[in-house]
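The values are calculated or read from the model by the stated rules, or taken from the named source; none is laboratory data. The structure presented is a predicted model; accordingly, all values stated were derived computationally and were not measured. Don't worry about glycine lacking a Cβ; one is built from the backbone with ideal geometry, like all the others, and counts go over all protein chains shown. With ligands, DNA and RNA removed, areas are computed over all heavy atoms of the protein, side chains included. Shrake-Rupley method; radii C 1.70, N 1.55, O 1.52, S 1.80 Å.
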Amino acid sequence: MRSTFHGLEVSKRGLFAQQAALNTTSHNVANANTEGYSRQRINMVTTNGLPYVGLQAGTEPGILGTGVRAENIQRLRDEFLDLQYRNESKRQGYWEARANTLERLEGILNEPSETGLQKVMDQMWQAWQDLAKDPSDTSARAVVRERSKAVADTFNSLYTQLQQVRTDLNNEVNIKAMEIHSIGQQIAALNDQIANLVPHGYTPNDLYDKRDVLLDQLSRLVSIQVTSAADGTINVTVEGQNFVTGRTAQAVAVTQDAATGLYTVTLGGAALVPTTGYMAGILESRDQMLPNLMKRLDLLAINLAKEINDVHRAGRSLTDIKNGTVQDLPFFVDANAVAADPATKTYPTGAANMAINPAIFQSLDAIAAAMPEANGTPVGNNEAALAIAAIKFKTLPAGTNPTDLPESSTLDNYYRYTISQLGIDAQEATRNLTNAELLVGTVDNQRQSVSGVSIDEEMADLVKFQHAYSASARVMTTMDEVLDKIINGMGRVGL
């Protein structure tokens, strides 16, 4: 005989399964805009059937169905797309860091412009050329002094700004190291929660999502490798070094060099040297890009000052001509040396300490515009001014000394090459960043097509599960009426 209560049990299971599906759909809709949320789906399976009970049980074919059950709640996620996303994300982070730094450097140098170093150098060369027309003209001498001072001030300002950029990058290294450390601690904490649930048969999908969001953030900063364990936890390595192992995470810290003030990143006490990702871009900018540009600026200032000083010291000023003396006066001096000795003849050792000789500020007559005659007699000619103005077109040979130019060039061409190279590097970084953003966006769109919540699709599922729930409820009502007839209506004929 078939069980009279069998239909009630089948409809009850249907109600529970469809209710679980409705709850999951509601959860999807509620998290449609939650970062990193993966769409979830109820997987329904038929429950185990029973032999069809009856007089002919031994010969009648078929198994009596017992309904449906929600087997699990599946998180719709493609691990291959996650791997692709993280591989492209680290490239995006690297080029983003470089592009940001290069953009700042271009803004500081501001070339070509009416206020950049190239313009003030041109104005200085022109001032010396104008002085050669009338070496005794006080106003022309004042223009030479002021435009030369503008050159020194511009060198000082540019170098100071570049130093500030490097300091900012150094501070960002510290901030990003702390961010990596925090992410590692959070992943380890999530691993701990997951490991406490998975062995008991639970599937903590929302915890998995939170962990994946952290992995996405970490992959932008450094290169990572992720492996999964049977208890639901993951192990993460950074640049081949263990970072998160199960429920524990290695500490990421920074140590500061006492001499330079620069931070070095360590992982678990060992040096961490990122090869790609945002952190690698910052470190390369701080340790290579900025020092190289600052060195080129230093060499430009040193050689410009040396060329002018050598001519100026050999020249004769109005004071020399009047008094019959030889001042042997450098035009540019080291500002730090001046602080110790105002009469110093020390040449500038870099862009940061380039300054006009204090003697020239005391008297415009100290500017040497003339050169002595063959017999050494100081006369009022313009040869020194012409010689200094001609330095603009003088080709300096390449040398091997630390203060020599690395390539044979005029001072103007050397600076133009520096600006051109900076522009090329900036274009390359911007182009690669654009390409990386496009690839990351493409992969992310593919991920969203799998994991993202579509409100339209969820609404369609909502209607489907609602109708199935209503139908199961109707079946239960029908079975209730059947049982009522059997219990209360049978055997009462004639009453």
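Compare the Cα positions of Q362, I419, A351 along the charge dipole of the range 308-467 (+1 at Cβ of Lys, Arg; -1 at Cβ of Asp, Glu; about the Cα centre) and return the one farthest towards the positive end.
The listed residue farthest towards the positive side: Q362.
Taking all protein chains in place and a 1.4 Å probe, what share, in percent, of the accessible surface of the chain do carbon and sulfur account for? Show your work: numbers first, answer last.
On the way: 13040 of 24860 Å².
For the chain, the apolar C and S fraction of the accessible surface comes to 52 percent.
Under the classification rounded if a/c is under 1.5, otherwise prolate if a/b is larger than b/c and oblate if not, where does the range 439-486 fall, given a ≥ b ≥ c as square roots of the Cα gyration tensor eigenvalues? Don't skip to the answer; put the middle values down first.
Details: a/c = 11.29, a/b = 5.61, b/c = 2.01.
Judged from the Cα gyration tensor, the range 439-486 comes out prolate (a/c at least 1.5, a/b above b/c).
Wrap a convex hull around the Cα atoms of the chain, take a quarter of its surface area, and give that in square nanometres. The partial results should precede the final answer.
Details: hull surface 149.0 nm².
So the mean shadow area of the Cα hull is 37.2 nm².
Consider just the alpha-carbon atoms of the range 95-162 and return their Rg together with their Dmax, both in angstrom.
15.9, 56
Determine the relative contact order of the chain: mean sequence separation of Cα pairs under 8 Å and six or more apart, normalised by residue count, in whole percent.
Numbers: 760 pairs, mean separation 109.1, N = 495.
Reported as a whole number, the value is 22 percent.
In degrees from 0 to 90, rounded to the nearest 10, what is the angle of the helix 79-109 Cα long axis to the longest principal axis of the chain?
The helix 79-109 is inclined about 20 degrees to the chain.
Kindly provide the helix-only [θ] at 222 nm of the chain, computed as the sum of -39,500 (n - 2.57) over DSSP H runs of four or more divided by all residues, to the nearest 500 deg cm²/dmol? Mind dumping the intermediate values first?
Values: 13 runs with 278 residues, N = 495.
Per the formula, -19500 deg cm²/dmol.
With only Lys, Arg, Asp and Glu charged, each at its Cβ (+1 for the first two, -1 for the last two), find how big the charge dipole of the chain is about the Cα centre; round to the nearest 20 debye. Walk me through the intermediate numbers first.
Values: 42 positive and 56 negative charges, 216 e Å.
The calculation lands at about 1040 debye.
Relative to the longest principal axis of the chain, what angle (0 to 90°, nearest 10) does the C-alpha long axis of helix 117-133 take?
10
Could you tell me the relative contact order of the range 251-327? Use alpha-carbon pairs under 8 Å, at least six residues apart, and round to a whole percent.
Numbers: 39 pairs, mean separation 10.4, N = 77.
The normalised contact order for the range 251-327 reaches 14 percent.
Considering only DSSP states other than H, G, I, E and B, which GluC sites (Glu not before Pro) in the range 89-198 qualify as loop sites with at most 14 other Cβ atoms within 10 Å?
On the way: sites: E96, E103, E106, E114, E146, E172, E179; in loops: E114.
Passing both the DSSP loop test and the Cβ count: E114.
Given a cut-off of 31 Å, name the pairs among K176/K295; K12/K210; K322/K345; K295/K322 whose C-alpha atoms lie farther apart than that in the structure shown. Walk me through the numbers on the way to the answer.
Details: K176/K295 27 Å; K12/K210 35 Å; K322/K345 22 Å; K295/K322 41 Å.
Going by Cα-Cα distance, K12/K210; K295/K322 fall outside the 31 Å limit.
Testing the spin-label approximation: label points 7 Å from Cα along Cα→Cβ at V463 and T442. State their distance in nm.
Distance between label points: 3.6 nm.
Diagonalise the Cα gyration tensor of the range 114-272 and give the resulting equivalent ellipsoid semi-axes, square root of 5 times each eigenvalue, largest first, whole Å.
On the way: eigenvalues 749, 44, 19 Å².
Here the semi-axes work out to 61, 15, 10 Å.
When only C-alpha pairs under 8 Å and at least 6 residues apart count, what is the relative contact order of the range 355-460, in percent?
Details: 59 pairs, mean separation 11.8, N = 106.
Relative contact order here is 11 percent.
Enter the accessible area per residue of the range 375-495 (Å², integer; probe 1.4 Å; all protein chains in place).
Numbers: 7430 Å² over 121 residues.
It amounts to 61 Å² per residue over the range 375-495.
Full-extension gain between R313 and N72, please, as 0.36 nm times their residue separation minus the C-alpha to C-alpha distance.
On the way: separation 241, 0.36 × 241 = 86.76 nm, distance 8.91 nm.
Stretched out fully, the R313 to N72 stretch lengthens by 77.9 nm.
For the pair D287/A195, report the inter-label distance in nm, with labels modelled 7 Å from Cα in the Cβ direction.
3.3
Can you spot the aspartates and glutamates whose alpha carbon is less than 14 Å from K149's alpha carbon? Ignore those fewer than 8 places along the same chain.
Here the aspartates and glutamates satisfying the reach criterion relative to K149 are D122, D334.
Just subtract the alpha-carbon distance of A142 and S408 from 0.36 nm times their residue separation and send over the number in nm, one decimal.
92.5 nm
With every protein chain present, what accessible area does T346 have (1.4 Å probe, heavy atoms only), rounded to the nearest 10 Å²?
Surface open to solvent at T346 totals about 60 Å².
Across the range 409-424, in residue order, what do the Karplus-derived ³J(HN,Hα) couplings come to in whole Hz, using 6.51 cos²θ - 1.76 cosθ + 1.60 with θ = phi - 60° and x for Gly and Pro?
Result, rounded to whole Hz: 5, 7, 4, 5, 5, 4, 5, 4, 4, 4, 5, 4, 5, 4, x, 5.
Answer with one residue from Q126, N110, V68: the one whose Cα lies farthest towards the positive end of the charge dipole of the range 1-160, charges on Cβ with Lys, Arg +1 and Asp, Glu -1.
Value: V68.
Return the whole-Å distance between the Cα centroid of the range 123-183 and the Cα centroid of the range 212-260.
42
In nm, to one decimal, how far is the modelled label at K485 from the one at F80, with both set 7 Å along Cα→Cβ?
5.6
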